[in-house]
Amino acid sequence: MLDMSSREEIEYDQLPLGEKYRELVKADRCDRCGARAMIRAHKQTFELLFCRHHGYEHFDALTDQGFMFQDESSRILDDSDEE
C-alpha cells in the first residue's frame with residue numbers, strides 16, 4: 001500500500017503509470033457508482049478509481065492481483081469541510 005505521508009515530490013510524467021502519484025480532483029469519479037473518487041488503484045498501465053466504499057470493498061482482491069492503492073479519502077474529506 002502506498003504510504004501517502006512519506007511520498008516525495010515527483011514529476012508525474014517521468015514515471016511509469018504503475019508508480020505515479022497524482023492528486024485526485026473533484027472531477028475524478030468512482031468506476032463502480034460515479035461518486036467522487038477518493039481511492040486510486042493502479043498497476044502498470046491500468047488504473048481504477050473508486051469512492052471510499054468501493055475502494056475498501058475491492059482492496060483485498062486487487063492487492064492480490066498486484067495493484068497499488070493511493071487512498072486520498074482523509075485529504076478529500078478534510079477539503080470538503082472547507083467548501
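The values are calculated or read from the model by the stated rules, or taken from the named source; none is laboratory data. Model, not experiment: these values are computed from the prediction. Cβ atoms come from the backbone with ideal geometry, glycine included; neighbour counts cover every protein chain shown. Please note that ligands, DNA and RNA were not included when accessible areas were found on the heavy atoms of the full protein model with its side chains. Shrake-Rupley method; radii C 1.70, N 1.55, O 1.52, S 1.80 Å.
Filtering region 41-61 to residues that are more than 18 Å from Arg29 (Cβ to Cβ) and either of a type in the set (Asp, Glu) or touching a strand residue (DSSP E or B) at 6+ places or on another chain (Cβ under 8 Å) (or both) leaves Lys43, Phe59, Asp60.
Sub-6 Å Cβ pairs linking a first residue in region 51-78 that is under 18 Å from Cys33 (Cα atoms) to a second residue that is open to solvent by 50 Å² or more (accessible area, probe 1.4 Å) and assigned to a helix (DSSP H, G or I), at least 6 apart or interchain, are Ser73/Arg52, ordered by first then second residue. Restricting attention to region 36-64, the residues being open to solvent by 40 Å² or more (accessible area, probe 1.4 Å) and not in a strand (DSSP E or B) number 12.
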